[in-house]
1. Criterion first (under 21 Å from residue 171 (Cβ atoms) and in a helix (DSSP H, G or I)) does residue 345 satisfy it?
2. Assess whether residue 146 counts as being over 30 Å from residue 32 (Cβ atoms), loosely packed, with under 15 Cβ neighbours inside 10 Å, out of contact with any strand residue (DSSP E or B) (no Cβ under 9 Å at 6 or more places or on another chain) and modelled with pLDDT of 90 or more.
3. Which of the following residues is under 16 Å from the mean Cα position of the chain (by Cα), at positive phi and surrounded by fewer than 20 Cβ atoms within 10 Å (Cβ to Cβ): 284, 328, 322?
4. Residue by residue through the range 92-111, note down the ones that are under 17 Å from residue 346 (Cα atoms), part of a loop (DSSP other than H, G, I, E, B) and at pLDDT 70 or above.
5. I need a count of the residues in the range 120-132 that are assigned to a helix (DSSP H, G or I) and either touching a strand residue (DSSP E or B) at 6+ places or on another chain (Cβ under 9 Å) or surrounded by 12 or more Cβ atoms within 10 Å (Cβ to Cβ) (or both).
6. With the requirement that a residue be crowded, with 24+ Cβ neighbours inside 10 Å and more than 24 Å from residue 38 (Cα to Cα), what does the range 231-259 give you?
7. Return the residue satisfying two criteria in turn: it lies in the range 264-303 and is touching a helix residue (DSSP H, G or I) at 6+ places or on another chain (Cβ under 9 Å) and in a loop (DSSP other than H, G, I, E, B), and of such residues it is nearest to residue 243 (Cα to Cα).
8. So, in the range 173-193, of the ones that are in a helix (DSSP H, G or I) and touching a residue at least 40 places away in the same chain (Cβ under 8 Å), which residue ends up nearest to residue 297 (Cα to Cα)?
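The values are calculated or read from the model by the stated rules, or taken from the named source; none is laboratory data. What you are looking at is a predicted structure, and each value in this text was computed from that prediction instead of being measured. Cβ placement follows ideal geometry from the backbone for every residue including glycine, while neighbour counts extend to all protein chains displayed.
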């Protein structure tokens, strides 16, 4: 394939959407710092530049080489998670590795690597193997191991996203319906046990979600202020740099978890819907690459990556609108946070790579 053909086959819609989201994030962070590029907006753009380089590198590396390295990278990531309690940093939780200008959260890139390894595993199975439950046992182990380690940090939100993303790969691979129903019943039956294993602050978040007005100045403060800001924005918003809740610092974590709320206050419901539309188009573009792909690996990988992107957006938006407990999830490519942004660009780079290998069969790339 010539360079011109490669350029034409790239998922340009996906990349344009990513660029729009990054610019939206830069403007939102500029507003969050009361009309200044530092400390957030400037670093956001620098990290986006690094992310674009990462995306291009992942897009043009040989896909077979990426597949060979993926299990080793996942193993290395698991070893880092095992060692994280001993040298990790964080307030109340050991989730990050201090690398100087960047605090790396290892659990974020592991989401992508896990999807990659599961796509490689299922694409190498024969069709008759998918009716046997033993086929899914190695995949369940691969999912349970990093999820369990992330729960120990503790980081319930990331663990749930990783677990749901991993289980969605089983569904995409062709998990029989009877086992899906059995898994749902088992999951519901285990809820009391899961509740008993939660930390006190995690239980408080769930109870606050059920009744945020019970402690509006304490545990319910974040979601109460978020709802006030969203409601005050109305249909068209108060205008850029004019949000009272965000500019007067009533809105907590406005540069990270609650950036969607700040956009809603300044640009209203129309602004929020426009952001969601861009996300929808970007995820649709990733899925479209998978649909066009002639090999199972590419279809599974793009399906898993689009699910990962959906979980990022869904969890953040549901959290700030009060539809689920506050779990600390960034809005991809918009929130301030280096690791999450680089993880999303890593996923986009893999999608780009699949788009350049649409006509290859599984034996050529696994």
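1. Against the criterion (under 21 Å from residue 171 (Cβ atoms) and in a helix (DSSP H, G or I)), residue 345 does not qualify.
2. Against the criterion (over 30 Å from residue 32 (Cβ atoms), loosely packed, with under 15 Cβ neighbours inside 10 Å, out of contact with any strand residue (DSSP E or B) (no Cβ under 9 Å at 6 or more places or on another chain) and modelled with pLDDT of 90 or more), residue 146 does not qualify.
3. 328
4. 105, 106
5. Total satisfying the criteria: 6.
6. Across the range 231-259, the qualifying residue is only 233.
7. For the range 264-303, the residue satisfying everything is 293.
8. In this case the residue turns out to be 173.
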